[in-house]
Amino acid sequence: MAYLIITNGLDKGQHFVLSNGENIVGRDEEAQIHLSLNAVNRQHACVVVQCDSVLIQDLNSVNGTFVNGERLQQDLLLNDGDLIQIADLEMKFCTDTAASESHKFRSTSTVETLIARSGLLKQLREFFYDSGFDEVETPVLSADTVVDRYLHPISVEVAGKQHWLQTSPEFGMKRLIASGMQAIFQICHAFRDEERGPLHNLEFTMVEWYQVGHSTQEAMDFLGKLITSMLSYSGYDTISYSDAFQQILKIDPLKSTEKELINVIASLDFEPPQDWRGMNRDDWLDLLMTEFIQPRLGFEQPCILYDYPASQSALARLHPEKPLVAERFELFVQGIELANGYHELLDAEQLLQRNIKTNALRQLDDRPELPNDSYLADAMRHGLPDCCGVALGFDRLVMLALGKKSIRDVIPFPFARA
Amino acid sequence: MASYKTNDFRKGLRVEIDNEPYLMIEMNFVKPGKGNALYKCKLRNLIRGTVLDRTYKGGDSLEAADVEEIDCQFLYRQTDTFYFMNNTDFDQYELSEEQVGDYWKYLKEGMKCHAVLWNGNPITITPPNHVELTVEFCEPGAKGDTATNVTKPVKVETGAEIICPAFIEMGNIIKVDTRTGDYVERASVK
């Protein structure tokens, strides 16, 4: 294993693992060793790893590549400890795993970002306090868990009994609403197994809130107010799920058959999964949503998408007047899915039916069955007041507020370093 | 045969698709909050070098490919067959003219190369990026031709033709970039 470690400046300590073959150093977003400095060319230099030798070449950069103070005239074999200078930046070439391992204690986020994150947390809390909400804390580890086909809770055995790290604080918070609280919010960690990428980390920070008596429209207004205040926009847009599909793809997402959806995908520039086993109509809608609708939402200002298909209601109640839709909405900013809200399902019997159906699909996917019954079901049988609830990904909010491209840049320690 | 679940997918994974080995060169994880994950992958065919775009959904899997990278040296060529030796276990490999491709131009006996083995058999052999070759034959350059923009073909020791500046003479050793086939510089004048 070979590494480059930045040894000066603000990003001191950041290290890049060199992979076999060519590693481009440059300002280009695609560069493996991405340096966002103006004095660096898009493709400035290349570090080539072949078996046990590592070679550096300058790619005709304007300001040159220096190794141990000398400007590169031709390709050079790198030795452990060599210092590479590009613009004002100095990097150490390191083949010793131990030396680079010793830098893994560091945050993947910069100190400036972590301080800005702290400011956003404060601003968010103040927004809720000023709006009359009480802050609550519910268990992260619980004997209950949300039953969803594609959410994979992490199971933890405690005293011989299975528990789960919560995929959201939804159950605990609704139990508090059923116990008599009126307007509550929580900023907590949630866990979703198998989720990792520029927008995902297995453990992440969620902001969730519930307000008794709110209609879907009022809940959407509140979410719009929150996001325009946090991200300094002058307003936000709303569009129904159906209209978004009609406008962008010219199809009706509520009435099209599965076959029609597949035909639309075939006509678009996209490589769909080859194995269709287990895929249903909603999976094709999701695919069209994430690939073709979502990337166009929320660029001028934040966009709230509402009236989701009834088949994707999760824990939302069905619309009393429109039989094909559920009272569910989502918020998108710059193509990023940021929040999800429901006019909450109150009927315990319907919850049970949905859980049974979801567990059958989970079995089809070879996923463990999750409990159909829960304290939440008890709370609903007892009587859950009419309310709306919204969950928002705080890490993504920080990314958008600070213009960061990856969740790694805004959280202290991603799972690989947790 | 071992296989990888989508949760194991990452850049650098070597997998088998339609009985050919591939290297995962890109992996993008996309997931709607409530929907299934999509793993959008770019895979490079380790034999032909072509790139394949494939999307997998959460729960899919791919077969692992038994691929390893080794150091080896070029031994000799016998008509259409090239012989190489693994520097670690001294195993010998035979490669056809087709498998070696254009690289035959740069292979000198004893040259250290890089090989990729699939199920124990070499699928690609790569010479160093720069090799030094002796010029065996060339037309003499016209007197005064010292500019590098006047070129001519020369024949080197491996039998290949390389385009060189006109000032290169028989017996010169030239440095060639094996990735492009271009002349780089004159390494020595004999």
**Q.** Failed item in (1) more than 30 Å from A:LEU114 (Cβ to Cβ); (2) touching a Lys or Arg at 6+ places or on another chain (Cβ under 9 Å); (3) β-branched (Val, Ile, Thr), with A:VAL325 passing the rest
**A.** (2)
Q.
Among the numbered criteria (1) touching a helix residue (DSSP H, G or I) at 6+ places or on another chain (Cβ under 9 Å); (2) open to solvent by less than 60 Å² (accessible area, probe 1.4 Å), which one does A:THR228 miss?
A. (1)
Q. What residue, of A:GLN57, A:GLN73, A:GLN43, is assigned to a loop (DSSP other than H, G, I, E, B), of a type outside the set (D, E, K, R), within 14 Å of another protein chain (Cβ to nearest Cβ) and surrounded by fewer than 19 Cβ atoms within 10 Å (Cβ to Cβ)?
A. A:GLN73
Q: State which residue is nearest to the chain's Cα centre (by Cα) when the search covers only region B:25-45 and only residues that are more than 8 Å from chain A (Cβ to nearest Cβ) and crowded, with 20+ Cβ neighbours inside 10 Å.
A: B:LEU43
**Q.** Every pair of residues 6+ apart whose Cβ atoms lie under 9 Å, when the first sits in region B:173-185 and is closer than 16 Å to B:GLY101 by Cα and modelled with pLDDT of 85 or more while the second is open to solvent by less than 40 Å² (accessible area, probe 1.4 Å) and of a type in the set (Ser, Thr, Tyr)
**A.** B:THR178/B:TYR106; B:THR178/B:THR126; B:GLY181/B:TYR106
(Q) Against the conditions (1) farther than 30 Å from A:PHE415 by Cβ; (2) touching a residue at least 40 places away in the same chain (Cβ under 8 Å), where does A:LYS104 fall short? Just the number, please. (A) (1)
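If I filter region B:156-190 down to residues being among the acidic types (Asp, Glu) and within 20 Å of the chain's Cα centre (by Cα), which single residue comes out as nearest to B:ASP80 (Cα to Cα)?
Ranking the candidates gives B:GLU161 first.
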Q. Residues of region A:259-291 being under 20 Å from the mean Cα position of the chain (by Cα) and more than 10 Å from chain B (Cβ to nearest Cβ), which ones?
A. A:LEU288
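If a residue counts only when it is over 28 Å from B:ARG54 (Cα atoms) and touching a residue at least 40 places away in the same chain (Cβ under 8 Å), which helices (runs of 4 or more DSSP H) contained entirely in region A:183-291 have at least 3 such residues?
A:216-231
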Q. Which of the residues that make up region B:46-57 are facing another protein chain (nearest Cβ under 7 Å) and in contact (Cβ under 8 Å) with a residue 40 or more places away in the chain?
A. B:TYR56, B:LYS57
Q) In region B:20-98, which strands (runs of 3 or more DSSP E) lie fully inside it and hold 3 or more residues that are over 30 Å from B:PRO127 (Cβ atoms)? A) B:20-30, B:38-45, B:51-57, B:61-64
Q) Across region A:368-418, what is the total count of residues that are closer than 30 Å to A:GLU349 by Cα, within 14 Å of another protein chain (Cβ to nearest Cβ) and either of a type in the set (Val, Ile, Thr) or touching a His at 6+ places or on another chain (Cβ under 7 Å) (or both)? A) 1
Q. Of A:LEU338, A:LEU351, A:LEU370, which residue is open to solvent by less than 20 Å² (accessible area, probe 1.4 Å), within 30 Å of A:GLN123 (Cα to Cα) and aliphatic (A, V, I, L, M)?
A. A:LEU338
(Q) Name the residue that is farthest from the other protein chains (Cβ to nearest Cβ), counting only residues in region A:292-335 that are without any contact (Cβ under 8 Å) to a residue 24 or more places away in the chain and open to solvent by less than 20 Å² (accessible area, probe 1.4 Å). (A) A:ALA326
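The values are calculated or read from the model by the stated rules, or taken from the named source; none is laboratory data. All figures in this text were calculated on a predicted structure; none of them were measured in a lab. Every residue, glycine as well, gets a Cβ built from its backbone with ideal geometry; the counts of neighbours run over all protein chains shown. Protein only, heavy atoms only, side chains kept; ligands, DNA and RNA dropped before computing areas. Shrake-Rupley method; radii C 1.70, N 1.55, O 1.52, S 1.80 Å.
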